[in-house]
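*Asks:* One structure is given below, represented as structure tokens, and several questions about it will come after.
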Amino acid sequence: ANAAESGPAESKPPQPEVKGAFVSVDGVRFPKVFENTRSMAEQIECIRALELREDDVILCAIAKAGTHWLWEVGSMLMAGKAEYEKNVKEHVMLEASDIDRVQQQPSPRLLNTHVPVSMLPRQVKDKKVKVIHVYRNVKDVCVSMYFHLKQRDPMPIEEFFEKRFLNFEGNENGNYFAYLKSMDEFIKANPDHPIFNVSFEEMKTDPVGTVTRLAEFLGVPHTPELCRQVADACTIDKMREADKSKDRSVLQKRKFGQGMNISMYRKGLHQHHQSVASVKGNEEASILETVKSAIAKAKSVPPKTDDQRDTTLTDGEISALAQILEMRLAQAEVDLRVVSNKTCATLAKENNVRGPCVNTTCPRRFDPSPEARVRQLLASQLRLTQQQRNAITNIAADIRPQKYIFVTAASSNHYKESQALVYNLRQFVFNKLRPSDYSFYYFDLGLKPLEKKRVIKNCNCTVRTMSFAGFPDHTKKLNCYAWKPLIIKALLPKADVLVYMDVSVRFRQMDLDRFFAAARHWGAQFLMQRDSIPNHTVESMFTFYGDVPCMYSPFPELLAGFSVFHNEPFMHKVVLEPWVACALNNSCMCPVNDPNTLRICPHKERLVGQCHRFDLSALTIQFAKLYGEKFGHLVMQTNNPPQIRRNEVMDFFTDRR
């Protein structure tokens, strides 16, 4: 078995080879100052034999990929408070610390290391110890590593790159590409191992979201406020300042720390190589020229092909998502005003052919296990390809992160309705929020040139033209409504809370703080319409989700035209990704050539699929599957919820300025 299959290696005692100020162990180079009472070869063997505990966590990364950053974040989350660890990271750095001292550290321990997978403790795999793996753009790693090592070992750029960065034996802790490849192989060979893969760039662009996802992976208690505090405390400048007051007594007892005056924090930028590459004569730019000429020679981890679906969620990740659902279900109560307990036979006697009801003859019921229901929505046909993910990301290109994002979309036939919405938002929402706390986006689905010009001039919003590049042809049919999940999925990562509104939505006086708090607590909030969802959904959609229509007869429609989502992993992975996968599959969301043929509902009898509600049908199916009889907490609980006023128009933009 290779190292990837078996995990940390069961190898023969490593043989050291001293080369100047460094020592090579099994072809991996380490600073000789790491050696104290043990040789480096003995230290590595002690690492491999380290006794691990069930609650241990190991942070793995090549040097300069963001280890200090993730270690501070993880330490705060495991401590439950946004306070810096008093000791430096190196006191639990496996290759640099006294292993006996590491063994004495109290639980829970967040250990860290730069050693390759083959040198990790053998019990990592045996005990399925949680692993955090952080990686970073190779060019940024190269620039950062050069200037870090230059503090103690000056050398020409070309020598550093060829002999140190690309050379496995010359580079500290191994060649970056080989390191990534070995980690990738381990992950693929051990799909059920709990591993949190995160990039430096992801931490920079979405710090609060990444902190939240890490907290959920670690299984530690956390609140949105704690995650924001941790993200704020762990900016590079604040960590650099905090590092000055850390306890270095452990380091001073070892060769590694004696007289050590090397800064571990530099600029902490991502894509920093791009900002320096054009500066003539700049030393960093010179590195980049070397990188560009040699990078093709290096072996990197092969990326997923564009049409390969991402089905890499581990059992641990799925379990964590299921625990979120279980927690919300435990906090919720059954609301009979939303999910009916009346039988369909009872409603038939009342001549009610539309309302939600229990079909007592239905041969199937929902799985009682929350994890089983989560797994159903993580099925392969409900995952996206990398090409689809990229196309969705492009929709939100250049959109800046914001606390609240409001978004609407309109074509020319709804232009005047959209003016009424803008007026309504100014009267009931935006005047109650700080301008710095929100952004408003208006997606053009087919406005006339003059209409678009007036929207840009008068809306006080950012107008974006909806792009269907990279998506199937049916998504261009506006009455299939596939564009709506795409917009929501694209913009949610940029917000704490996202509010999508059809142009017919009208706010009234309401408590906005309570409104946003409910979205954060439950993950999403909607308006509803009391029509049994099978009446308004074609059977092929239920089949796509692996169900039969009668299972859903007790559930009313969630109105996707007013969708409020909290930016969190559960909503992204268990709700939005399957929703978008349905939207991109015409057999699910848009099963006919002319969607207008499915718009009219006769309502003369209770009949499955007498019409189709496209986006809201899929969304309702998913939430009904997840929340079951406690589905009601997704419906806004307020005295003055927004209303749907179709065909309410206004000439608000005409010659306003």
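The values are calculated or read from the model by the stated rules, or taken from the named source; none is laboratory data. Note that the structure is predicted; figures quoted are calculated from it, not measured. Quick reminder, even Gly has a Cβ in these numbers, built from the backbone with ideal geometry, and neighbours come from all protein chains shown.
*Asks:* Go through (1) under 30 Å from ILE318 (Cα atoms); (2) without any contact (Cβ under 8 Å) to a residue 12 or more places away in the chain; (3) not β-branched (Val, Ile, Thr) and name the single condition PRO363 misses.
*Replies:* (2)
*Asks:* I'm checking my understanding of the structure. Among residues of region 497-518 that are outside any helix (DSSP H, G or I) and basic (Lys, Arg), which one is surrounded by the fewest Cβ atoms within 10 Å (Cβ to Cβ)? Even if it seems obvious, please write down each step before you answer.
*Replies:* Applying the first criterion (outside any helix (DSSP H, G or I)) to region 497-518 yields 497-511.
Then drop every residue that is not basic (Lys, Arg), which leaves 506, 508.
Working: ARG506: 19, ARG508: 13.
Within region 497-518, the match that is surrounded by the fewest Cβ atoms within 10 Å (Cβ to Cβ) is ARG508.
*Asks:* Which is over 23 Å from ALA409 (Cα atoms), in contact (Cβ under 8 Å) with a residue 40 or more places away in the chain and surrounded by fewer than 21 Cβ atoms within 10 Å (Cβ to Cβ), of ASN585, ASN535, ASN639?
*Replies:* Only one candidate qualifies: ASN639.
*Asks:* Would you mind stating whether ALA410 is in a helix (DSSP H, G or I), crowded, with 17+ Cβ neighbours inside 10 Å and in contact with a Phe, Trp or Tyr (Cβ under 8 Å, 6 or more places away or on another chain)? Reasoning before the result, please.
*Replies:* Details: in a helix (DSSP H, G or I): no; crowded, with 17+ Cβ neighbours inside 10 Å: yes; in contact with a Phe, Trp or Tyr (Cβ under 8 Å, 6 or more places away or on another chain): yes.
Here the answer is no, as ALA410 does not meet what is asked.
*Asks:* State which residue is surrounded by the fewest Cβ atoms within 10 Å (Cβ to Cβ) when the search covers only region 316-345 and only residues that are touching a Cys at 6+ places or on another chain (Cβ under 7 Å) and not in a loop (DSSP other than H, G, I, E, B).
*Replies:* THR343
*Asks:* Give the residues of region 585-623 that are within 30 Å of LEU425 (Cβ to Cβ) and small (Gly, Ala, Ser), sorted by residue number.
*Replies:* SER617, ALA618
*Asks:* Oh, and also: If you check ASN351, ASN390, which single one turns out to be in the same structural domain as VAL608 (by TED's automatic domain parsing) and over 19 Å from LEU576 (Cβ atoms)?
*Replies:* Just one listed residue meets the conditions, ASN351.
*Asks:* Which of (1) free of Cβ contacts under 8 Å to residues at least 12 places away in the same chain; (2) part of a loop (DSSP other than H, G, I, E, B) does ASP547 not meet, given it meets every other one?
*Replies:* That leaves (1) as the condition not met.
Here is a yes/no grid of residues against (1) within 17 Å of the chain's Cα centre (by Cα); (2) modelled with pLDDT under 95; (3) surrounded by 17 or more Cβ atoms within 10 Å (Cβ to Cβ):
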position: VAL353; (1), (2), (3): no, no, yes
position: CYS357; (1), (2), (3): no, no, yes
position: ARG365; (1), (2), (3): no, yes, no
position: ALA397; (1), (2), (3): yes, yes, no
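*Asks:* What number of residues within region 519-544 satisfy the criterion of being within 16 Å of VAL497 (Cα to Cα) and assigned to a helix (DSSP H, G or I)?
*Replies:* So the answer is 4.
*Asks:* Right, something else. For VAL220, state whether it is in contact with a Lys or Arg (Cβ under 9 Å, 6 or more places away or on another chain) and assigned by TED's automatic domain parsing to the domain that holds VAL141.
*Replies:* no
*Asks:* Please pick out the residue among PRO591, PRO578 that is in the same structural domain as ARG354 (by TED's automatic domain parsing) and part of a loop (DSSP other than H, G, I, E, B). Before you say what the answer is, go through the steps one by one.
*Replies:* Working: PRO578 fails: part of a loop (DSSP other than H, G, I, E, B).
Every option except PRO591 fails the conditions.
*Asks:* Would you be able to say whether some residue in region 526-544 is modelled with pLDDT of 95 or more and over 28 Å from THR346 (Cα atoms)?
*Replies:* Among the residues of region 526-544, not one is modelled with pLDDT of 95 or more and over 28 Å from THR346 (Cα atoms), which makes the answer no.
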